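Below: one structure, written as structure tokens.
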């Protein structure tokens, strides 16, 4: 893997990790919300309904490194189901990036956003968590109280944010107040669209796959809220890496540190 912008050079692990380091956030409730996505050159977010077909070894290494950097991983319920999410275990991510967890718990928890709490409460994501990284379920007051209680009884931590729909601002603040300030969102497109629409996204890490996927697949954002005033959100290109034709781009919101 090599850096092609700015400059151009090969990267060792320490240099690669430094490129993706979070800014100094200070004390809670300060937070930084990053998203990590992959797309084909013609904009597809999935192949056959999953992102795996767009990925590469370099993308997977950056994916694991971003997880090691994060305090918590944010994901929508649909993506958690489609991609078969389970708790992050140090051994499942390999030892290459374990040093990034020094002074912190050995792995971050998963936080699942689900308006109606329509999750399999007997799945490994809920029941097979580690003591230091209990899965967090972010849901609404309208979710059936019995299911909220059942999720908590099965070892999940439940955050209620919003009445009929999830208030993502309140959810992000609740995570930061728990000391989970470095938030890494792994999708899906509906959740990312909401984060963009509400102005919560500080950074986008986007891998561009050298593949034409055709018109059937959706984009990395879909649905969600319209931009206020119909406008756009300017971002700044921080760097571009290249590996075997894959471009790994990092964008930060304009004016961010």
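We did not get these values from a lab; they are worked out from the coordinates using the rules stated. Bear in mind the structure is a predicted one, so any value in this text is a computation, not a measurement. Note: ideal-geometry Cβ built from the backbone for every residue, glycine included; neighbour counts use all protein chains shown.
Annotations
- For segment 160-187 and segment 230-249, distance of Cα centres in Å: 25 Å
- Stokes-Einstein D for the chain, Kirkwood Rh over Cα pairs, 4 °C, 1.567 mPa s (µm²/s): 69 µm²/s
- Most simply put, the chain has about 45% antiparallel DSSP beta bridges, counting only bridges with both residues inside it.
- Ascending count of other beta-carbon atoms within 10 Å, so fewest first, for 205, 185: 205, 185
- Centroid-to-centroid separation of segment 189-224 and segment 1-79 [C-alpha atoms, Å]: 13 Å
- Packing-based exposure ordering (other Cβ within 10 Å, fewest first) of 19, 212, 248: 212, 19, 248
- Distance in nm between pseudo-label sites at residue 198 and residue 170 (7 Å out along the Cβ direction from Cα): 1.0 nm
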